[in-house]
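Since the structure comes first, as structure tokens, the remarks are kept for the end.
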Amino acid sequence: MVSMQRFQSVLGKPYLPPLFFFSGVTYDTVMLTRIDRLQDNLLLLLYLALLGFLIVLTGRLGTNEATVEDLPPDAPSLVKWVVQAKPYAPMAIQFLLGGLFSAYAIFYSKSASFTGTAVFFCLLVGFLVANEFLRDRLSNVQLLVGLYAMVCFGFFTFFLPVMTGWMNQAVFLAGAGLTVLVILRVVHLIYWRNPARTHREAVLSGAPALTLIGLLVGFYFMNWIPPVPLSLKFGGIYHEVKRSGDRFELLFEKDWYEFWKRADSIFPVNEPVYCFTAVFAPVSLNTTVYHHWYYRRDPSQPFGPADRIPLKISGGREGGYRAYTFKQGLDPGDWRVDVETEDGRVIGRVAVRVEEPGEASRSLTTIVY
């Protein structure tokens, strides 16, 4: 049998943290395929429950290194096991936080775009990386409760729309409120009938977490949180979009050497312009998204809104719900289409430049989606 000293020496190897980090991210990238898959969400919920238990345990036992000999002779076996396992609690907490932040980074990356919604995604990635350097500080109750608020908030933001089939401001605020209740419960369990803790410590432990939740709610109203669980699977500008059975035929200009091209990036004036998108949504979610057209005459000017066209979508299709809008008689200049939620958060963006047609005509190519 492997001795405890041998086990501890293996865990102390300096290469293990980065190895676990990259292995965990790789595992999550491969295994977490859909944000609405029940087993994935149940696994994350299990992580949250275990993490909450360990945070309460760490908060109640404090930083003192108690041993089994310090316990009364009639102490329950479970209590003895908890005291023996306490030195490994920071490693378990770090593992669970890493698993949660890694999963969130994957899910939120699919909905984030190069707009304000990237702020929250970058925050998640920052927490994911910082978690690898926090093991020595994971006995600080304020830090633990703050991190727990972050992972609970990130979970409920997409879990409630997946479960209810609704995606609006009320559902988001319900998730934030549920996070507040969970955090208050964790703080209560840490300090309830705990003679080693004071009421002032309880207030100081919960205040940063509640402040963080308020800050994240502000992020939502500034459209800085990606519109999970929606994500743009595909999008482009085309000369024509035709439906054939269960498939869409998309026509665009392409030279023989442009093997990478799947949509138009330059478009001639005075021709109908089609914007085709495929937006993924969970099975039970039915909502409205918008093709918000923007225009600017030259790069020195800011984009201005031109038209906002609603599209009803239904969830469940792996490749996303397919829909298109079109416009005619576009002026020369830069055009873009932001695919938005009802509350204005950007799911994805498609851009094209409209120019006077050249003398040489290019052939049209068709792809099927």
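The values are calculated or read from the model by the stated rules, or taken from the named source; none is laboratory data. What you see is a predicted model, and the numbers here were worked out from it, not measured in a lab. Cβ: placed from backbone, ideal geometry, glycine included. Neighbour counts: every protein chain shown.
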Of the residues in the stretch 125-147 that are under 23 Å from PHE53 (Cβ atoms) and within 16 Å of the chain's Cα centre (by Cα), the one that is modelled with the highest pLDDT is LEU147
Answer yes or no as to whether ALA118 is within 17 Å of the chain's Cα centre (by Cα) and at pLDDT below 85. yes
Looking only at the stretch 286-307, decide whether some residue is surrounded by fewer than 16 Cβ atoms within 10 Å (Cβ to Cβ), in contact with a Leu (Cβ under 9 Å, 6 or more places away or on another chain) and β-branched (Val, Ile, Thr). yes
Look at TYR294 and say whether it is at pLDDT below 95 and aromatic (Phe, Trp, Tyr). no
Restricting to the stretch 281-304, name every residue that is more than 22 Å from TYR238 (Cβ to Cβ) and either in contact (Cβ under 8 Å) with a residue 12 or more places away in the chain or assigned to a strand (DSSP E or B) (or both). ALA281, PRO282, VAL283, SER284, LEU285, ASN286, THR287, THR288, ARG297, ASP298, PRO299, GLY304
Looking only at the stretch 150-174, which residues are in contact (Cβ under 8 Å) with a residue 40 or more places away in the chain, touching a Pro at 6+ places or on another chain (Cβ under 8 Å) and within 20 Å of LEU215 (Cβ to Cβ)? PHE158
Looking only at the stretch 175-201, how many residues end up being in contact (Cβ under 8 Å) with a residue 12 or more places away in the chain, of a type in the set (Gly, Ala, Ser) and surrounded by fewer than 16 Cβ atoms within 10 Å (Cβ to Cβ)? 1
Answer residue from the stretch 256-278, given it is in contact with a strand residue (DSSP E or B) (Cβ under 8 Å, 6 or more places away or on another chain) and among the charged types (D, E, K, R) and is surrounded by the most Cβ atoms within 10 Å (Cβ to Cβ) among those: ASP264
Exactly one of (1) hydrophobic (A, V, I, L, M, F, W, C); (2) in contact with a Gly (Cβ under 7 Å, 6 or more places away or on another chain); (3) at pLDDT below 95 is unmet by PHE156. Its number? (3)
Run down TYR290, TYR274 and say which single residue is within 17 Å of ALA351 (Cα to Cα) and touching a His at 6+ places or on another chain (Cβ under 8 Å). TYR274
Residue set GLU240, GLU253; condition closer than 27 Å to ASP331 by Cβ, touching a residue at least 12 places away in the same chain (Cβ under 8 Å), surrounded by fewer than 22 Cβ atoms within 10 Å (Cβ to Cβ) and touching a Ser or Thr at 6+ places or on another chain (Cβ under 8 Å); output residue GLU253
Return the only residue of ALA281, ALA323 being under 25 Å from SER109 (Cα atoms), of a type in the set (A, V, I, L, M) and surrounded by fewer than 21 Cβ atoms within 10 Å (Cβ to Cβ). ALA323
Hey, among TYR294, TYR321, which residue is among the hydroxyl-bearing types (Ser, Thr, Tyr), over 17 Å from VAL228 (Cα atoms) and not assigned by TED's automatic domain parsing to the domain that holds ILE35? TYR294
Within the stretch 176-196, work out how many residues are farther than 17 Å from LEU54 by Cα and at pLDDT below 80. 3
